[in-house]
Structures are given as C-alpha cells and as structure tokens.
Amino acid sequence: METAAPSPAWAHRTAELLEAVRARSPLVQCITNTVVQNVTANVLLALGASPAMVDVRTEAGPFARVADALLVNTGTPHAEPRVAALEAATAAVDAGTPWVLDPVAVGSLPVRTALARDLLGLHPTVLRGNASEVLALLGTSAGGRGVDSTAGTEDAREAAVDAVAGPRPAGRLVAALAVSGPVDLVVAPGIGVVRVANGTDLLTRITGGGCALGAVVAAFTSVAPDDAGAAAVAATAVHTIAAELAARDAAGPGTFQPLFLDRLASLTPEDVVREARITVETEAASLVVSA
C-alpha cells in the first residue's frame, strides 16, 4: 500500500472547519454513557460547541429536530436511554439532522449489540468506533475485550470501504466511517481512505478519550453536513492534535486531561496546519459511489 506525504490541503480544510465550528457554536445533543457525560460536555465546550445531554424519552426526538447534530453512544445502555436513542435517531433522520453512532463495546454483549444494529439500520451520518467495535457491528468479528480493541485499524479497512460503498439505501450503511487507533482511519465516498497519524496513548488512559471524539465528530458534521468524510477527518485531526500537544506538557494521565481541554480551547488554525499528519491512500483516493 502506498500513501502520500502529509496533505497540506487536508490540513487547511481541517483548519477551516475548526473555524466554522467555533463561529457557529453548534448545539450537539448527546445520548451518551453515564461514565463520560461530564468529559464529553467539557470537550464540546472547550471546542466551542454547545452540549445538551437530552436522553429522556419523549424529549429526545423533538430535541433532535432542533439540534445541529446528534451523538448516540451505547456505552451504558440502560432502558430509558435505549428508547431515547432510537427516538432521537429516527427524528434526526426525518429532520435531516446529522448524527453519529458510537457503538461502544458491541459484540459479545447482547443488549448494546442489538441496540447498535437497530441504530445502524437508520443509516447514521458517521459510524465511529475502534476497530473491534466497527467489525463486530458490521458482522465480521465477535468484538473486542469490553471497550478495548483487539483489532487494528487496518483490520477494519475492507469492511469500512464496503460499508460506505453502494447506492443508498440498499448498499451504503453510512456516509462516512471513522476507525480509531494509533493511526485513525476515515473512509467515505469522494475522499477514499484517509489516515490521521496524530495523537497520544494518554487518550487511552483517561475516561472518555474516545467517547468524546464521537461528540467532536458530531459537532463537525453540523458545519459540513454534505461532506461527512471531511467532517470526520477534521474532527479526528483536531481532537488528536490537541491531545498530542497536551501530552508534551503532561506528567501523566492526571495532568493530561485538563491540559487536553486547554489545548482544545486554545488550538489555532495555524497549529492545525503545522501539526496535522493527514495522508490519503493513493490507491483508494478515487473511491466514489453513487448517491
């Protein structure tokens, strides 16, 4: 497999979308797990977005119609949020609200796996997870070790390409698919296979490092609703660049988390252009599917 050198065009596109998120301050509805609610809200606020943890049935659907974007995360699938998630996703599809599915720990756990598959049937704008979660949801593996992936991002490449290929609604499951790992993988029509090599392993040593990324992706889809691939790439790059910069000054996970929020809040377009390591897979750069 050949990859290009880091792409200045993608770095500049990411910087532009970061500015757009801050200018719009999108309202992001989060139906997410109870472990990471505070972290997710703080990450969105640091980014410049506005979080709303509306996860109650009869409220979730109407709110999804007025929100700028929706995140559904299956990390703690209690009864009420399960109903709210399906209600909100259905309303988002009907209203044209972009939405992100983060299928946390799907695979061997039956409740969340069934819920995630029902949600996938509603065709999320972006599916984001680690490789084991993505492969389990797409039916090609049994899943990882809880929330930890036992597969690498490259293991999910073929399944990711298949998920975004084909005409809607029969073939294309999602508009874009983002797989998290040491090097993140984003696949979407029109952009092919894009990799983001920024980041730090300290993101895996704090609560919500990955889950909060799902909310960041949702925020970026609100400013690029017709370009889900670009939104997913830009969100991934901004999140991981901020983490990488924070890690340079952190003594460990305890000091990393507040530094990460500070870096998200202070990240400039110039930082993005300087630090981004985004590459395009040359053999898949022309991946285009019919709408």
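The values are calculated or read from the model by the stated rules, or taken from the named source; none is laboratory data. None of these values were measured; they are calculated from a predicted model. Note that we place each Cβ from the backbone using ideal geometry, even for glycine, and neighbour counts take in every protein chain shown. Surface areas here come from the heavy atoms of the whole protein model, side chains and all, with no ligands, DNA or RNA. Shrake-Rupley method; radii C 1.70, N 1.55, O 1.52, S 1.80 Å.
Assorted remarks:
- In this rough spin-label picture, where each label sits 7 Å from Cα along the Cβ direction, the residue 53-residue 226 distance is 3.6 nm.
- Going through (1) 44, 39, 36; (2) 50, 38, 38; (3) 52, 48, 33, the figure that equals Cα extents along the principal axes in Å as computed for the structure here is (1).
- Value at 222 nm in deg cm²/dmol, rounded to 500, when DSSP H runs of n ≥ 4 in the chain each add -39,500 (n - 2.57): -14000 deg cm²/dmol
- If the chain linking residue 122 and residue 197 were pulled fully straight, counting 0.36 nm for each residue of separation and taking away their Cα-Cα distance, it would gain 24.0 nm.
- The chain, accessible surface, carbon-and-sulfur percent (1.4 angstrom probe): 54 percent
- Figure note: 244, 270 ranked by solvent-accessible area, largest first, 1.4 Å probe, ligands and nucleic acids not counted: 270, 244.
- Sequentially through segment 7-18, phi angles give Karplus couplings (6.51, -1.76, 1.60; θ = phi - 60°) of 8, x, 4, 5, 4, 5, 4, 4, 4, 5, 6, 4 Hz, Gly and Pro residues having no value and appearing as x.
- Distance between segment 184-202 and segment 9-41 - C-alpha centres, whole angstrom: 17 Å
- Only Cα pairs under 8 Å and 6+ residues apart enter the sum, and on that basis the relative contact order of the chain stands at 23 percent.
- Ordering of 229-240, 68-79 by packing [mean C-beta count within 10 Å, highest first]: 229-240, 68-79
- By average C-beta atoms within 10 angstrom, highest first, the peptides 29-36, 111-118: 29-36, 111-118
- Of the peptides 81-87, 246-252, 58-64, 99-105, the order by per-residue mean of other Cβ atoms within 10 Å, starting with the highest, comes out as 99-105, 81-87, 58-64, 246-252.
- Sorting 12, 123 on solvent-accessible area from highest to lowest, probe radius 1.4 Å, gives 12, 123.
- The string of couplings for segment 49-56 from the Karplus curve (6.51, -1.76, 1.60, θ = phi - 60°) is 9, 10, x, 9, 8, 9, 10, 10 Hz, one whole number per residue in order, with x for Gly and Pro.
- Largest first, the residues 50, 222 sort by 1.4 Å accessible area into 50, 222.
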